[in-house]
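In what follows, a single structure is set out as structure tokens and then discussed.
The values are calculated or read from the model by the stated rules, or taken from the named source; none is laboratory data. Just so it is clear, the model here is predicted, and its values are computed rather than measured. No Cβ is skipped: glycine too gets one built from the backbone with ideal geometry, and neighbour counts run over all protein chains shown. The protein model used for the area step is the full one, side chains on, heavy atoms only, and it has no ligands, DNA or RNA in it. Shrake-Rupley method; radii C 1.70, N 1.55, O 1.52, S 1.80 Å.
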Amino acid sequence: MTKLVLASASPRRRQLLGQIGIEPDRVQPADIDETPQPGELPRVYAERLGVEKAEAVHQPGQYTLAGDTVVALGRRILPKAETDDEVRACLELVSGRAHHVLTSVCVIGPDGRLAKRLSDTRVTVKRLSTAEIEAYIRSEEGLGKAGGYAIQGLFGAHIKRISGSYTGVMGLPVFETQQLLNGLGYRL
């Protein structure tokens with residue numbers, strides 16, 4: 001079978017691939033500039049990063065899978081929170097509101113054909129108290145996460161509803177991923 005390379009260091013993406021019976025032959029995170037371009041809209045940004053990550057890692061003769069998750073509040077792209085202050089700022093923004101989690105998936109086949117999809121999930125967060133935000137910050141779970149939270153962890157208790165792909169919010173929409181891989185000839 002032709003090798004599958006995952007262009008991501010995310011343990012969640014590996015876990016989600018495992019849910020559909022896929023173990024990448026190699027994990028090779030892409031090293032690209034993830035800075036949004038001036039005026040770039042969240043959907044365009046998410047799709048661009050997914051494609052750029054796949055292209056940065058792809059070698060002929062292999063399947064390459066990449067993705068990127070962006071949390072958007074209107075036209076605003078929330079950061080991948082790297083500090084407690086960034087987690088706090090993100091949580092204050094999403095508190096009591098709905099936002100979108102956009103996860104792009106890009107697959108490049110052994111012959112160089114590229115296929116991509118964008119998962120758009122609407123997430124509604126309850127109004128968070130200062131104490132709830134501070135408790136979540138102390139957990140350190142939101143560090144390194146787009147929008148400053150992880151839906152599959154403690155923060156799940158603050159989610160009122162989602163409309164779309166739960167696995168997309170986690171970082172890899174498994175339905176779309178399997179469809180893209182199958183469409184390019186990858187077989188389990």
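Please state the relative contact order of the stretch 46-122 as a whole percent: Cα pairs under 8 Å, 6+ residues apart?
Here the relative contact order equals 39 percent.
Before anything else, pin down the relative contact order of the stretch 1-45: Cα pairs under 8 Å, at least 6 apart, normalised by residue count, whole percent.
Value for the stretch 1-45: 42 percent.
So what are the three principal axis dimensions of the stretch 121-176 from its Cα atoms, in whole Å, longest to shortest?
So the extents along the principal axes, rounded to whole Å, are 37, 22, 14.
Which peptide among 145-156, 64-75 comes first, and what is the full order, when sorted by highest mean count of other Cβ atoms within 10 Å?
With the highest mean Cβ count within 10 Å placed first, the list reads 64-75, 145-156.
With contacts defined as alpha carbon pairs under 8 Å and 6 or more residues apart, what's the relative contact order of the stretch 1-137 in percent?
24
Once you have the alpha carbon radius of gyration of the chain, what is it after dividing by 2.2 N^0.38 Å, with N set to its residue count?
Normalised Cα radius of gyration, the chain: 1.03.
Quick one: pull the percent of accessible area on the chain belonging to carbon and sulfur, 1.4 Å probe, ligands and nucleic acids left out.
48
Give me the number: length gained by fully extending R75 to Q179, i.e. 0.36 nm times residue separation minus the C-alpha to C-alpha distance, one decimal in nm.
Gain in length upon complete extension: 34.6 nm.
So what is the accessible area of the chain per residue, in Å², with the probe set to 1.4 Å?
Computed with neighbouring chains in place, this is 48 Å² per residue.
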